[in-house]
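The values are calculated or read from the model by the stated rules, or taken from the named source; none is laboratory data. All values derive from a computational prediction rather than experimental measurement. Cβ sites come from the backbone with ideal geometry, for glycine too, and all protein chains shown count toward neighbours.
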Amino acid sequence: MVRPAGWIAGATAIRGRPVAPDRLPKIILGWPVTPSVLYGQPVRIERHWWNGNRSSRGRRDVYIRTDGQRWEVQAQTGGDAGRSKVHPCPSRASAEILAEAWMGGRPEWRELAP
């Protein structure tokens, strides 16, 4: 399966409300709905960290993303096919605090270009 640029597994919300993946509309406001489109607007990945582990079981990623108004942090385990949790945040500062907490201050985390 070819995934669009910026694809993020586990994004299942529209306008901040949870939506089952099979119930997501195919197009919102002219944009094809992919997990990188939330709230009817394209979402930017502002920051991305990786724990340096290449195995599917050990890989961990943390993303901070925004649509320009809303902020959220996604913690993902197991790569694209793994599980993830998404937390909405009121500001960029709170998103960065949450991301740092999820990484636990461990030195192996690396920031990647978003």
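Here are a few things to note about the model shown:
- Just so you know, in region 78-93 the residues that are over 13 Å from Glu46 (Cβ atoms) and either of a type in the set (A, V, I, L, M, F, W, C) or part of a helix (DSSP H, G or I) (or both) include one that is nearest to the chain's Cα centre (by Cα), and it is Val86.
- Residue in region 70-77 that is at pLDDT below 90, out of contact with any Lys or Arg (no Cβ under 8 Å at 6 or more places or on another chain) and closer than 14 Å to Glu46 by Cβ present: yes
- Where Arg70 falls short, out of the listed (1) under 14 Å from the mean Cα position of the chain (by Cα); (2) closer than 20 Å to Leu112 by Cβ: (2)
- Test: residue in region 99-113 that is touching a residue at least 40 places away in the same chain (Cβ under 8 Å), part of a helix (DSSP H, G or I) and of a type in the set (D, E, K, R): no
- Ala81 within 22 Å of Ala113 (Cα to Cα), surrounded by fewer than 19 Cβ atoms within 10 Å (Cβ to Cβ) and modelled with pLDDT under 85: yes
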